[in-house]
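The values are calculated or read from the model by the stated rules, or taken from the named source; none is laboratory data. Note that the coordinates shown come from a computational prediction; the quantities given were computed from them, not determined experimentally. Here the Cβ positions follow ideal geometry from the backbone for every residue, glycine too, while neighbour counts run over all protein chains shown.
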Amino acid sequence: MNIVVCVKQVPEVTDAELEINREGTEILKEDLEFDINEWDNYAVEEAVLIKEAHGGKVTVVTLGDEDCEDVLRTALAMGADEAIRIDEQGFEFSDAAGIAQGLYHAVRDVPFDLLLTGAQGSDDGWAQVGLTLAELLGISYASLVVGVEIGEGTITVHRELESNTQEKVEMPLPAALTIQTGINNPRYVSIMGIQKVRRIEIKETGSKELGLSEAEIGSQGSSVASQKLSLPPVGEGAEILTGSLDEICEKTAQIIRDKGGVM
Amino acid sequence: MTPFRTSYWHIEPVWVFYLLAAVAVVVFLFGLFAHVSVWVRGIRRQTLPFSWRGISNLFLDGFLGRRIFKGDIAAGTMHLLILWGFLGLFVGTVLISVDYWVYHFLKGAFYIWYSAGLEILGLMLTAGLIWSLIRRYLQRVPRLERRFEDLAVVVFLLLVVLSGFAVEGLRLAAQRQEWARWSFVGHWLSLLWVHPQGALAAYPYLWWVHAFLSLGLIAFIPYCKLFHILAAPTSIYLENQPPQAIPVETRSPDDEVFSYRDMIFFDACTRCGRCVEVCPSTGAGEPFSPRDFIVWARENLLRKYHPLNYFTWLTRWANHRHTSEQGFDPQKIWHCTTCRACLDVCPVYVATQDAIRQARSKIIEEGIQVPSLLTQTLKNLYKYDNPWEATKKKRAQWSQDLEIPDFSETEEAEGLCYFVGCTTSMDIRAQKLARSFAWILKHVQIPFGTLGKREPCCGDIARRAGEDGLFEKQMEDCVELFDRYRIREVVTSSPHCFNTLQNEYPAFQALKPPEEQANFQVRHYTQLLRELVKVGSLWFENPLHVTVTYHDPCYLGRYNQVFDAPREVITAIPGVTLVEMAHNRANSLCCGGGGDRVWQENLDADVKMAEIRIREAEATGAEILITACPLCLIMLEDARKTTSLEHTLQVMDLNEFVQMALSLEHIPGEQSVRRR
Ligand code: SF4
Ligand code: SF4
């Protein structure tokens with residue numbers, strides 16, 4: 001069972017205080033830490049688990065600048081066998097369709113039975129690339145996958161639906177799945193682990209090598225364009241309490257009392 | 001007639017004995033070979049220079065059993081009886097061979113002394129063995145196990161000595177030599193035989209029984225716990241070899257995680273259980289014991305590298321047999337707080353905490369079974385240089401209003417660099433100790449600064465988890481920063497940072513060319529405060545009438561032998577009474593925060609280690625429990641709440657206590673009390 005996994009490097013934003021440049025076109029990245037997109041991490045782990053159980057080869061693909069090699073190394077250390085990086089030049093203003101185009105051209109010649117992506121990216125949160133890519137490849141797909149069982153020429157997947165229900169679907173191979181978090185327990189990647197894969201060569205390619213024209217990718221090929229970025233305004237009714245810990249507690253208690261929270 | 005020794009008296013055919021002896025030696029050598037083939041698989045990057053210190057330890061710990069006596073005089077005496085009896089009889093037997101084959105010297109007065117000496121040795125051995133049985137089965141000393149092997153080994157040895165005495169008795173009964181009374185035990189036994197003829201008839205049979213048992217014993221040694229006869233001296237000799245640094249980069253995938261020394265330590269373990277007795281994890285009722293870990297590691301390694309693995313079916317059988325047994329669960333290694341109490345009491349210097357670290361590094365490398373909270377911690381450490389998911393910016397927040405120079409914003413650091421550490425910088429409770437320390441330094445007017453938000457983690461957390469690659473990266477970051485700002489003098493709040501900078505860095509630095517090596521000195525703040533008290537810059541005007549007790553942090557006390565410095569600072573404050581807890585100094589009880597336990601899912605049993613410790617503090621009647629480590633502070637502060645001791649006992653860092661004493665209002669009456 002050969003598997004392709006598309007991964008993405010994203011900034012960590014849980015605890016970061018985001019700042020936007022003056023023109024409102026970009027989020028400032030200097031103070032941010034980067035890591036593999038959480039959903040993609042689960043996708044890589046799932047691919048490696050399937051490979052460990054059924055044999056085959058795992059190829060990871062990313063689209064990004066040179067620094068994104070880190071996420072490929074992480075995936076290799078987790079157990080992937082090969083890695084491809086598509087240089088981001090030309091893709092800077094691509095929307096989900098443009099990125100899917102890039103990935104499509106890079107993976108269509110790689111023989112695979114299963115294509116995995118994360119259900120969404122933690123930065124832009126489109127949740128479209130995986131499905132658009134599957135359409136381009138013309139293969140069956142399922143989104144929000146929380147369980148995979150491998151059969152003979154088919155797979156059965158569990159999809160997460162609303163209010164704690166799951167859907168069980170059988171699909172022919174090859175197929176594309178977008179993986180939901182929690183499907184497995186991604187393994188820890190140690191520096192020793194990364195050391196070990198440092199000699200694996202990462203295949204480099206780009207929009208030119210893939211024969212992609214500006215009409216297909218970039219701002220020209222996109223139907224979605226970013227107008228302006230801004231931080232959400234502090235909403236009505238939100239109040240930031242200041243002072244010592246005790247004072248804050250006192251004020252909080254007062255507010256709860258005022259609003260009738262405690263009788 | 002001159003007394004002399006007769007060998008093989010009435011024993012026929014002698015060649016059978018030699019054949020048996022040869023078989024015994026071959027079996028023995030094969031067993032030894034099996035152990036050595038494990039040892040050589042251990043990772044080794046150091047040459048072993050001859051060490052006089054090793055030899056003297058060998059004499060003191062091996063021959064005199066110094067560490068066995070420690071804390072258990074009965075065990076020490078019992079072991080010496082067995083050891084000296086066994087060794088003496090062994091030498092005696094060797095002398096017989098020399099006498100028979102090389103030079104006949106067992107005659108005359110020397111032979112008389114020799115005979116009497118051997119009798120005494122035999123009695124010592126017998127007494128020691130019987131005593132050991134009494135301790136194990138009648139007194140039922142709690143730390144001792146009662147497995148089949150424990151009984152079999154002693155009974156075997158006992159049979160060898162007793163049959164030896166019996167053979168001697170028969171021989172003396174048959175020979176009736178005039179010098180026989182010097183072999184007083186044998187002589188006394190010989191009196192039981194009235195007829196020399198009967199004795200002579202029985203003698204050869206019993207001789208063969210004794211020969212068979214003795215040779216069997218030799219063959220048996222490498223296959224039971226008696227192997228410590230060889231492994232323990234080796235381990236004692238190796239004990240003071242410097243630690244080896246094995247950079248991740250130089251490791252190959254087939255390298256064993258354990259070092260050759262760990263493997264020898266494992267083999268030296270006699271399962272005496274002293275470590276179990278002192279282990280705070282076992283003591284708190286958690287499902288972990290250092291002895292179980294050692295035995296598990298030893299058996300696994302022996303199975304993995306056994307020379308008989310050449311025969312695959314044997315391996316399969318052994319593996320099958322093993323999986324059907326109830327073994328030690330490797331996940332349990334996360335319980336160890338790396339408190340080092342076990343090493344302190346182990347007679348053969350088994351450094352369980354180091355071996356645990358190596359075993360963890362294996363799990364980390366494989367990545368699959370790393371506890372999930374620890375995975376998160378390590379990722380945070382990599383990304384944010386602290387174990388919490390908090391941006392680096394937050395690191396300097398504790399000192400925002402204190403106007404402390406930030407060395408990372410200067411060209412060259414002037415003065416002391418206060419290395420605050422992750423926990424002290426980020427934990428709300430621990431931050432107070434940093435603020436107190438900064439206050440004290442200002443009070444005594446010592447110029448100092450910090451690295452502000454650029455201060456990295458020293459690498460301790462990664463090191464304890466076995467994530468050596470991350471440790472090395474953080475070490476390089478630290479060394480590079482110290483170098484860039486020409487920092488020469490470092491003082492830490494945490495004993496963990498102190499220990500890492502002081503004891504873990506040097507071995508790695510030594511691998512670099514001299515001009516690239518780190519060049520700084522590190523002290524723990526307690527050492528600095530003591531010095532300030534000594535030179536007179538830190539003195540206390542007003543008395544503080546309070547009874548306190550002091551908790552020795554493992555990484556300050558046992559790891560670095562800093563026991564007196566904090567106590568001297570405490571007692572320098574007039575009016576303070578320092579009382580000791582039941583466990584103090586080298587014997588201190590871990591608070592449970594070390595070994596990365598604070599950054600993991602709950603490992604506690606019903607009672608927490610810190611709760612056990614705080615109860616000890618309570619029992620002293622002290623009003624304040626002082627400690628000198630941010631982790632101890634957090635753990636004990638928590639325990640104080642969970643045990644509802646909030647109103648009886650305060651928990652303070654030494655810095656906070658000193659600041660409190662320095663800030664006392666001058667009360668005239670108090671002064672006069674002191675003058676009186
Ligand atoms: S490790 Fe040391 S203290 Fe523990 S059982 Fe073995 S010999 Fe005894
Ligand atoms: S280091 Fe401490 S916690 Fe770990 S095994 Fe030894 S005694 Fe137990």
- Task: Can you tell me which residue within region B:567-615, out of those that are more than 16 Å from ligand 1 (Cβ to nearest atom) and of a type in the set (S, T, N, Q), is nearest to the chain's Cα centre (by Cα)?
- Result: B:Ser588
- Query: For B:Gln431, which of the numbered conditions (1) within 14 Å of chain A (Cβ to nearest Cβ); (2) more than 16 Å from B:Thr492 (Cα to Cα); (3) in a helix (DSSP H, G or I) fails to hold?
  - Reply: (2)
- Which of the residues that make up region A:27-43 are surrounded by fewer than 15 Cβ atoms within 10 Å (Cβ to Cβ), within 13 Å of chain B (Cβ to nearest Cβ) and touching a residue at least 12 places away in the same chain (Cβ under 8 Å)? A:Asp31
- Task: Could you please tell me which pairs satisfy a Cβ distance under 8 Å, a separation of 6+ or placement on different chains, a first residue in region B:456-470 that is more than 9 Å from every other protein chain (Cβ to nearest Cβ) and over 21 Å from B:Cys339 (Cβ atoms), and a second residue that is among the aliphatic types (A, V, I, L, M) and surrounded by fewer than 24 Cβ atoms within 10 Å (Cβ to Cβ)?
- Result: B:Pro456/B:Leu481
- Message: Please count how many residues of region A:46-95 are among the acidic types (Asp, Glu) and either closer than 24 Å to A:Glu152 by Cβ or in a strand (DSSP E or B) (or both).
- Response: 5
- Taking region B:99-132, which residues are under 13 Å from B:Ile82 (Cβ atoms) and loosely packed, with under 15 Cβ neighbours inside 10 Å? B:Ile130
- Can we say B:Leu213 is free of Cβ contacts under 8 Å to residues at least 60 places away in the same chain and not assigned by TED's automatic domain parsing to the domain that holds B:Arg357? yes
- Name the single residue, out of those in region B:364-396 being of a type in the set (Val, Ile, Thr) and either assigned to a loop (DSSP other than H, G, I, E, B) or within 16 Å of ligand 2 (Cβ to nearest atom) (or both), that is surrounded by the fewest Cβ atoms within 10 Å (Cβ to Cβ). B:Ile368
- Message: I'd like the full set of residues that are among the charged types (D, E, K, R) and within 13 Å of ligand 1 (Cβ to nearest atom), limited to region B:248-265.
- Response: B:Asp262
- Message: So for region A:203-221 (the condition being assigned to a loop (DSSP other than H, G, I, E, B), under 20 Å from A:Arg85 (Cβ atoms) and within 14 Å of chain B (Cβ to nearest Cβ)), does at least one residue qualify?
- Response: no
- Query: If you scan region A:1-26, which residues turn out to be more than 14 Å from chain B (Cβ to nearest Cβ) and within 30 Å of A:Ile179 (Cβ to Cβ)?
  - Reply: A:Met1, A:Asn2, A:Ile3, A:Val4, A:Val5, A:Cys6, A:Val7, A:Lys8, A:Glu26
- Message: If I ask for residues that are surrounded by 20 or more Cβ atoms within 10 Å (Cβ to Cβ), outside any loop (DSSP other than H, G, I, E, B) and within 14 Å of another protein chain (Cβ to nearest Cβ), which ones from region A:173-202 would you list?
- Response: A:Ile191, A:Met192, A:Gly193
- Query: Considering only residues of region B:397-414 that are assigned to a helix (DSSP H, G or I) and within 14 Å of chain A (Cβ to nearest Cβ), which is surrounded by the most Cβ atoms within 10 Å (Cβ to Cβ)?
  - Reply: B:Trp398
- Query: What residue, among those in region B:347-356 that are within 10 Å of ligand 2 (Cβ to nearest atom) and surrounded by fewer than 24 Cβ atoms within 10 Å (Cβ to Cβ), is farthest from the other protein chains (Cβ to nearest Cβ)?
  - Reply: B:Ala351
- Message: Looking at B:Lys534 and the list (1) modelled with pLDDT of 95 or more; (2) within 16 Å of ligand 2 (Cβ to nearest atom); (3) surrounded by fewer than 23 Cβ atoms within 10 Å (Cβ to Cβ); (4) not hydrophobic (A, V, I, L, M, F, W, C), which single condition is not satisfied?
- Response: (2)
- Message: Being crowded, with 21+ Cβ neighbours inside 10 Å, more than 9 Å from ligand 1 (Cβ to nearest atom) and farther than 21 Å from B:Arg463 by Cα narrows it down to one residue among B:Ala297, B:Ala284, B:Ala268; which is it?
- Response: B:Ala284
- B:Tyr137 passes all but one of (1) touching a residue at least 40 places away in the same chain (Cβ under 8 Å); (2) outside any loop (DSSP other than H, G, I, E, B); which number fails? (1)
